[in-house]
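First up is the structure itself, then whatever we jot down about it.
The values are calculated or read from the model by the stated rules, or taken from the named source; none is laboratory data. As the structure is a computational prediction, the values presented were derived from the model and not from experiment. For neighbour counting, all protein chains shown are included, and Cβ atoms are generated from backbone atoms with ideal geometry for every residue, glycine included.
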Amino acid sequence: MTKQLLFLVALALTFPFQFPTVALAQQNPVSADLALTPPMGWNTWNKFACNVSDELVRGMSDAMVKSGMKDAGYQYVVIDDCWQVSRDKNANIVADPQRFPNGIKTVADYVHSVGLKFGIYSDAGSKTCAGRPGGLGHEYQDALMYASWGVDYLKYDWCNTTTQDAKASYANIRAALDASGRAIVLSICEWGKNQPWLWGKEVGGNLWRTTGDIQDRWAGQQKWGDGTCCSNGMLDIVDQQVGIGSYAGPGHWNDPDMLEVGNGGMTTTEYRSHFTLWAILTAPLIAGNDLRSMTPEIRDILTNKEVIAVDQDPLGREGRRVWKDGDLEVWGKQMQDGSRAVILLNRGSSSQEITVTWEQMGYPNHLSAAVRDLWAHKDLGKFTGKFSAPVESHGVVMVTIRP
């Protein structure tokens with residue numbers, strides 16, 4: 001008997017049930033049915049950056065419930081970067097004892113107690129983007145810790161990764177999360193650098209960033225303070241979604257970054273357009289404003305259940321731009337019931353009338369269809385062949401067309 005065969009026999013006798021168990025885990029991971037519609041929730045980063053704390057997370061959890069956001073479908077409360085400060089003598093990740101004096105599990109328990117789910121952040125590299133301890137080399141150890149805390153969602157960033165392979169790194173953290181035995185949503189945050197829409201589903205990612213970071217403005221790319229490129233205005237993000245919609249679907253979503261709605265850099269009209277475009281793109285809806293002090297106008301945007309229903313439609317078909325003429329655009333999305341959701345978008349500086357034709361939506365022109373305005377919450381009547389409406393500067397009209 002060869003040495004190699006002897007080794008295999010000894011291995012099988014030592015671990016007689018190991019190989020079938022692993023095979024079964026790969027076939028039926030605990031994460032198999034996660035994020036069948038795009039995740040909805042709130043994240044600390046856009047408004048608070050590193051200023052995170054136990055008190056902040058509890059307050060936002062309460063506000064998500066009281067504001068009606070939970071009832072509208074928001075589930076996840078996610079702590080982004082800066083919650084962690086070091087690793088202990090056993091290399092376990094350590095939360096900031098000043099900001100989280102009772103640890104992370106007590107925060108997660110509170111989030112769960114109000115009927116929400118809890119998310120946390122780490123990084124595939126040696127350090128996070130803010131220079132805190134990253135996950136490289138500690139994937140399985142961290143996954144077990146996150147599971148013991150009750151984590152439901154992990155945002156995994158891509159700073160300080162040097163020569164790592166993105167696909168392999170994210171496959172590794174997904175395997176670690178599944179091995180923990182807890183169903184945890186994996187948010188791949190490598191900024192579209194390695195075209196994650198091509199492999200994100202394969203490695204078990206539930207959502208993947210498609211671009212660099214969003215900033216709270218209507219349009220225009222800008223260099224960061226260190227001279228590197230670039231942060232994106234809202235419309236720059238939108239333009240980078242064109243052509244990749246076919247890669248998204250139930251359980252695996254293109255992520256054009258978190259919402260800036262309510263953070264002060266855009267007008268209410270522009271924020272309504274921002275939210276509407278994310279809905280037609282079937283994007284994750286992760287708010288990033290201060291939920292405790294938002295105005296009624298911002299709350300009404302974030303909790304518009306008719307617009308949210310477009311985003312959360314079970315078919316999971318990402319909308320696409322079907323017509324463009326300068327600053328005027330038409331976007332359409334097929335819905336599970338056979339209807340279409342439509343956006344008339346005006347990027348320009350003055351009000352313009354925009355028309356959607358049935359042909360653009362894949363309908364015959366002779367068809368009579370009911371049109372409903374999702375922001376006015378009003379049935380507009382039946383139309384044949386086309387529908388037109390005036391659209392204010394930087395605004396949208398969103399309708400459903402139902403034969």
Completion exercise
Of the listed residues (V111, V185, V151), the one being among the aliphatic types (A, V, I, L, M), in contact (Cβ under 8 Å) with a residue 24 or more places away in the chain and in contact with a helix residue (DSSP H, G or I) (Cβ under 6 Å, 6 or more places away or on another chain) is V111
Practice task
Residue by residue through the range 300-328, note down the ones that are assigned to a strand (DSSP E or B), charged (D, E, K, R) and farther than 12 Å from Q360 by Cα.
Solution key: D325
Fill in the blank from the handout: Of (1) in the same structural domain as A72 (by TED's automatic domain parsing); (2) in contact (Cβ under 8 Å) with a residue 40 or more places away in the chain; (3) closer than 30 Å to K201 by Cα; (4) touching a helix residue (DSSP H, G or I) at 6+ places or on another chain (Cβ under 9 Å), G262 fails just (3)
Handout entry: Where a residue in the range 194-219 is in contact (Cβ under 8 Å) with a residue 24 or more places away in the chain and not assigned by TED's automatic domain parsing to the domain that holds D236 and its partner, wherever it lies, is in a helix (DSSP H, G or I) and buried (at least 21 other Cβ atoms within 10 Å of the Cβ), with Cβ under 8 Å and at least six apart
Key = none
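Residue-wise test of (1) touching a Lys or Arg at 6+ places or on another chain (Cβ under 8 Å); (2) of a type in the set (A, V, I, L, M, F, W, C).
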residue	(1), (2)
A283	no, yes
R292	no, no
E297	no, no
V310	yes, yes
G316	no, no
K324	no, no
I343	no, yes
E353	no, no
E359	no, no
Fill in the blank from the handout: Taking the range 48-61 and keeping residues surrounded by fewer than 20 Cβ atoms within 10 Å (Cβ to Cβ) and either within 18 Å of L302 (Cβ to Cβ) or touching a Gly at 6+ places or on another chain (Cβ under 6 Å) (or both) leaves F48, G59
Problem - Residue satisfying condition, being closer than 27 Å to K167 by Cα and of a type in the set (K, R), within set K127, K89, K66, K70 - result: K127
Handout entry: Failed item in (1) farther than 22 Å from R320 by Cβ; (2) buried (at least 21 other Cβ atoms within 10 Å of the Cβ); (3) out of contact with any Lys or Arg (no Cβ under 7 Å at 6 or more places or on another chain), with R217 passing the rest
Key = (2)
